[in-house]
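Okay, so here's the structure we're looking at.
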Amino acid sequence: MTSTFDEQVGQAFGVAAPEELTLDQEQSGPHGVRPGVGKGGRLRGILRELRVRPTFLLATAFIVIVVGAALFAPLVAPYDSNAQDITNTFQTPTAAHWLGTDDLGRDNLTRLIYGARTSLEAVFFVVLLALIVAIPIGTLAGHKKGRFDLFIMRLTDVFSSIPPLVLAIVLATVIGVNAILPQLFIPGLARIIIALAIIQTPTFIRLIRAQTLSVSAEPFVEASRSIGVKTPAIIRRHLIPNISSSLVVQISVAAGSVMLAEAALSYIGVGVAAPNPSWGSMLQVANQFILVHAWLMCIPGTAIALTVLCFFVIGEGLQDALGLQTVESRRGKPGRLGLTTAIMEHRVPGDPATAELVASAREATVGGQPPHSGNGEAMALETAAEWREAAPDLPDALLHVQGLRVEFDTPDGVVRVVDGVSLKVRPGEVLGLVGESGSGKSVTVTSIMRLLPSPPARVSGSIIFDGRELLSLTRKQMSEIRGKDIAMVFQDPMSALNPAFTIGNQLIEAIRLHQRIPKAAARRRAVELLEMTAIPDPGRRMKAYPHELSGGMRQRALIAMALACDAKLLIADEPTTALDVTVQAQILELLKTLQRDLNLPMIFVTHDLGVVADLCDRVAVMYAGQIVEAAPTHELFASPQHPYTEGLLASIPRPGWKLLSIAGQVPLPNDMPAGCRFEPRCPYADEACRADQVALVSDESLQRWIRCVHSDELSLEGAK
Amino acid sequence: MSSDPRAPLIEGEQIVKRFPVKSGVLGRTRAQVYAVAGVDIEVPPGTTVAVVGESGSGKTTLARCLLRLVEPSEGVIRAEGVDITHSKGEELTEFRRLAQMVFQDPYASFDPLLPVKASLNEPLALHTNLSRTERTDRIAELMTMVGLRPSTVDRYPRQFSGGQLQRIAVARALAPGPKLIVLDEPVSSLDVSIRADIVNLLADLQSEMGLGYLFITHDLALMRHSGTRVAVMYLGRIVEEGLAATVYDAPRHPYTQALLSAIPEAHPERQRQRARIVLAGDPPSPFDPPGGCPFHTRCPYVMDICRTEHPAETVLPDGGRVTCHLHQVGLELGGAPLPEKLGASTH
């Protein structure tokens, strides 16, 4: 090849041809845990969640039976519902009458079945009418907001202030028992339907409006508006489908409450008129004879209770299953920890993944008990011991991570997100951990702090900090180290600051958690710390709540908390990524000052090579769960040894140079190449790269580490 | 509606956007927040204009005002010379055809329940008279134009990577055949190593189709291409505007200088030896803007007049603009002439 290195780089890292770019997608979905997740996949996911809930299945089966019986009442019921038999009143269950007879000798089972028909008819029509009115009004109010929304809200407020059942009774009485639409409804049923529909509609309107508000705020709705799509089409095409899952839950809950309401109205006597069967009127009759023939009461009572219960159980089950389908999770966007959050969401019901992270995040800065028990402890011990034997003795390292491996249990199998990462931080040194999405850098540092919820995560390897093996510590021991010896600063400061307490309060709590000093002394130290982080007017800022501070201030407060206990190591996970660039410059200056004055070693996780060039002494580059290169900063930038590093440096915009990219994308953890993980995107790859997994090797001085088969032959471009 | 082909694709004249601050039981308006406080901007046909600023600068609000996604409180918006500030109905739909938008987060800008072909179909169905088969063909054409395989249109947004989905967003913006595309931080949420794909795609499309772009970004470095005009915004106003090369190499406004200085350079030796301007304090909130020049609280060259009077706009000899007393009244600091102080390269 006679082309110059520049040309090679230009060719190699230029924009990929269309075929190349999309070829990767043939095998697996490029993002998200499960390939091929589309509408079908979502439905399957929901069904899977429902299948594992036995109560849900039972409840559904029951409702199906009830509905089936009601629909096919003439076929199923053994008798005519009005067939009286005066000689046979108040029978307990017999062969002829499975549920006995009532005060006029009518068969209870038959009346129960026809009563079910009445009650279900009421439920169906009430919900239908309420939805027909509530959906257009609710979605319009939630989407357009403004005066219409205000008016609708005040209207529903009025309805909410009236006790619903009282209103229903009044309405039902006013409407009267005269048959409305006698072909469709038995006398008295129509008035219940109208009355209850009027009650139910405002509730639906409020719920639909609330859901619409949040969906309407999503960028894809704004995108449709910017295309020029009119409001009715937006509501029909985008809003209603996206609120449909919550709507389904609301409907099942409404079904239960409407059934109860109908029974109550009929019981009082403003519902279905006798002798027409309904569960409510059966209750009323039974009530008259309760002291003498108690059995009669059990039948409608149990039926109502069970059916309503089943409706609620169904609603709850759907909420759990669909609750995982919030707009965010449907998007499939990787969370803060990349793949991790997506994985964790599938394992744990509700959204505890985020809750965990909040609790963990808070805890890392302050210290305290971790949320989950670590079952990984026993396993880690074994491998840690093995590792300690194999590892070279490096007494000068404050933190020595070896062979760190993090796996997650997912419904699709075990996913390994971090695969054999080894790091070293010496006293007073700033180590930069660089990587893009899917590199595993956040998971790595989070597992150093032992903050990953241990099922579903499994952490193995060795993490030796200050001479102690962290993976073999008990929860209590780890909590003493966390926040005190190792402190962590996160990307989003709001996730680690409690919004209900002033920062002064939180600082003092952090200080007193690890040092036994009186409150006044702690307060003085807190002000000192705020001064150290260059927060102006620290005395006054102590009384501020987190939301009263700007992003930069919050991050300083967090750094202050991290310093509160004279930490020996600071881990910063993209602390400036979410900040404006001028504020980032301030925070970086602060960190540099602190690092100098306190000789504080740091691990700085970032994707920004500029920040690394500014702050770090050593750099480790991560790709697809592994370290691919580690070197002192100046050397890494001047002469990188790994093609990925070269590509990263080449993709930084530089005036006068064409903007370059690395073709292809990061492989998914469950779909790694058999050989070198970067090989599919590497311009220098050949057969040798595909053959086998590549080991991380170092040079004699142990300063440079490289994971590349051709590192000796390649001569790569550094930063210009 | 007769449009002038030589007129700017979009032009904003003295655009102001106020948001009322309500408080109390009756929601009485207590004060006004000026998200955009009087901006003049235009995008000539076939050119790229970048609006750069940090949070609170008003750049996002300005873009949305220009597209009528948010109604401006004051000011005039013209598209190809035609006043569209109060357009409705047909006129507005026609404007929407001509000016499209690409959003920051590709995953959030697509309906997660629809396959991407439905999202691509939406603008086609609305703005063109193509039959269903014609639309399918056009969708395939658009996908190829952005470098993706047409057979993947049946997939859902979450099945694409960020870079690919953003390309589809560009395809969707191209669907109605616009002349202007507004891009709101189009690559900020993508990995650095694949940003070039989108940026180069946009450049290619521009040269092929003569598109105009309005680029909103906080990443100055990305916009350093020739021919691009850059407008720097601070607290709702444009403080400096000019050709990218000039703004970069010879910034005229202290804020621009500080902004450029704050961007860390991926070169350890140069980065650590650079003279850095680190601004004191945080970007002020639009809720409580400082009097006089809004930048005076953080400006390293602040003079007495800056605290009391808002500077007028100075038009510079090369066509750029700057809003700073230093260019009106002159420097009273250190005696050095103005151009030297602010014209020095920060790289």
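The values are calculated or read from the model by the stated rules, or taken from the named source; none is laboratory data. Small disclaimer: the values here were computed from a predicted structure and weren't measured. Using ideal geometry, Cβ is built from the backbone for each residue, glycine included, and neighbour counts are taken over all protein chains shown. Side chains included, ligands, DNA and RNA excluded: accessible areas come from the protein's heavy atoms. Shrake-Rupley method; radii C 1.70, N 1.55, O 1.52, S 1.80 Å.
Once the Cβ-Cβ distance of A:VAL158 and A:ILE517 is raised to the sixth power relative to R0 = 60 Å, the FRET efficiency obtained is 0.55.
Less than 5 angstrom separates the built amide H of A:ILE627 from those of A:SER422, all sequence-distant by 5 or more or on a different chain.
Spin-label model, B:ALA245 to A:PHE72: label points 7 Å out along the Cα-to-beta-carbon direction sit 8.4 nm apart. Compute the distance from the alpha-carbon center of the stretch B:102-158 to that of the stretch A:656-716, in whole Å. Answer, in whole Å: 35.
With the helix formula -39500 (n - 2.57) applied to DSSP H stretches of n ≥ 4, chain B reaches a computed 222 nm mean residue ellipticity of -9000 deg cm²/dmol. The slack in the chain from A:ASP566 to A:ARG690, taken as 0.36 nm per residue of separation less the alpha-carbon distance, amounts to 39.9 nm. Solvent-accessible surface, computed for protein heavy atoms with a probe of 1.4 Å, shrinks by 50 Å² or more for the following residues of the stretch B:64-83 when the other protein chains are added to the isolated chain: B:LEU69. Considering only Cα-Cα distances, which of the following residue pairs are longer than 30 Å: A:LYS424/A:LYS658; A:LYS230/A:LYS658; A:LYS543/B:LYS22; B:LYS17/B:LYS117; A:LYS424/A:LYS592? A:LYS424/A:LYS658; A:LYS230/A:LYS658; B:LYS17/B:LYS117, as the Cα separations exceed 30 Å there. Going by a ≥ b ≥ c, the root eigenvalues of the Cα gyration tensor, does chain B fall in the rounded group (a/c under 1.5), the prolate group (a/b larger than b/c) or the oblate group? Prolate. If the chain linking A:LYS145 and A:GLU635 were pulled fully straight, counting 0.36 nm for each residue of separation and taking away their Cα-Cα distance, it would gain 170.6 nm. Modelled spin labels at A:GLU528 and B:ALA275, positioned 7 Å past Cα toward Cβ, are 3.8 nm from each other.
Computed with a 1.4 Å probe over protein heavy atoms only, the accessible area of B:ASP137 comes to about 100 Å². When chain B is treated as a Gaussian network with alpha carbon springs shorter than 10 Å, the biggest mean-square fluctuation among B:THR128, B:THR314, B:THR29 belongs to B:THR29. Couplings 3J(HN,Hα) of the stretch A:246-254, computed from phi: 6, 5, 4, 5, 4, 5, 5, 5, 4 Hz, in residue order, whole Hz [Karplus 6.51 cos²θ - 1.76 cosθ + 1.60, θ = phi - 60°; x for Gly and Pro]. Think of a 1.4 Å ball rolled over the protein heavy atoms: the stretch B:10-113 then has 39 Å² of accessible area per residue. Give the calculated FRET efficiency between A:ILE290 and A:ALA95 to the nearest 0.05, with a Förster radius of 22 Å applied to their Cβ-Cβ distance. Once rounded, the FRET efficiency stands at 0.30. For B:ALA175, no residue whose modelled amide H falls within less than 5 Å of its own remains once neighbours fewer than 5 places apart on the same chain are excluded. Would you mind checking the tilt of helix B:116-127 against the longest principal axis of the Cα atoms of chain B, expressed as 0 to 90 degrees and rounded to 10? That works out to roughly 90 degrees. Can you tell me which aspartates and glutamates have their Cα less than 16 Å from the Cα of A:LYS568? Leave out same-chain residues fewer than eight positions away. Result set, ordered by chain and number: A:ASP396, A:GLU429, A:ASP466, A:GLU469, A:GLU480, A:ASP485, A:ASP597.
Coupling constants for the stretch A:685-695 follow from the phi torsions by the Karplus curve (6.51 cos²θ - 1.76 cosθ + 1.60, θ = phi - 60°), and in residue order they are 6, 8, 4, 4, 6, 7, 5, 9, 4, 9, 8 Hz; glycine and proline get x.
Distances between placed amide hydrogens fall under 5 Å for B:ALA50 paired with B:PHE215, B:ARG229, B:VAL230, B:ALA231, all partners being 5 or more residues away or on another chain. I want to make sure I understand the PRE zone here: with the label point 7 angstrom from the Cα of B:ALA31 toward its beta carbon, which residues in the stretch B:289-322 have backbone N atoms less than 12 Å away? It comes to B:289-291, nothing else.
Quantify, in whole percent, the carbon and sulfur part of the accessible surface of chain B (1.4 Å probe; protein heavy atoms only). Ligands and nucleic acids excluded, carbon and sulfur reach 51 percent. From the largest down, the protein assembly as shown spans 113, 80, 69 angstrom on the principal axes of its Cα atoms.
Here the gap between A:PHE124 and A:THR55, fully extended at 0.36 nm per residue and compared with their Cα-Cα distance, gives a gain of 22.5 nm. Both chains summed, the buried accessible area for A and B stands near 6600 Å², from protein heavy atoms and a 1.4 Å probe. Only lysines eight or more places from A:LYS476 in sequence, or on another chain, were considered; those with a Cα closer than 16 Å are A:LYS484. I need the calculated FRET efficiency for the pair A:LEU165 and A:PHE312, taking r as the beta carbon distance and R₀ as 22 Å, to the nearest 0.05. Taking R0 as 22 Å, the efficiency between A:LEU165 and A:PHE312 is 0.75.
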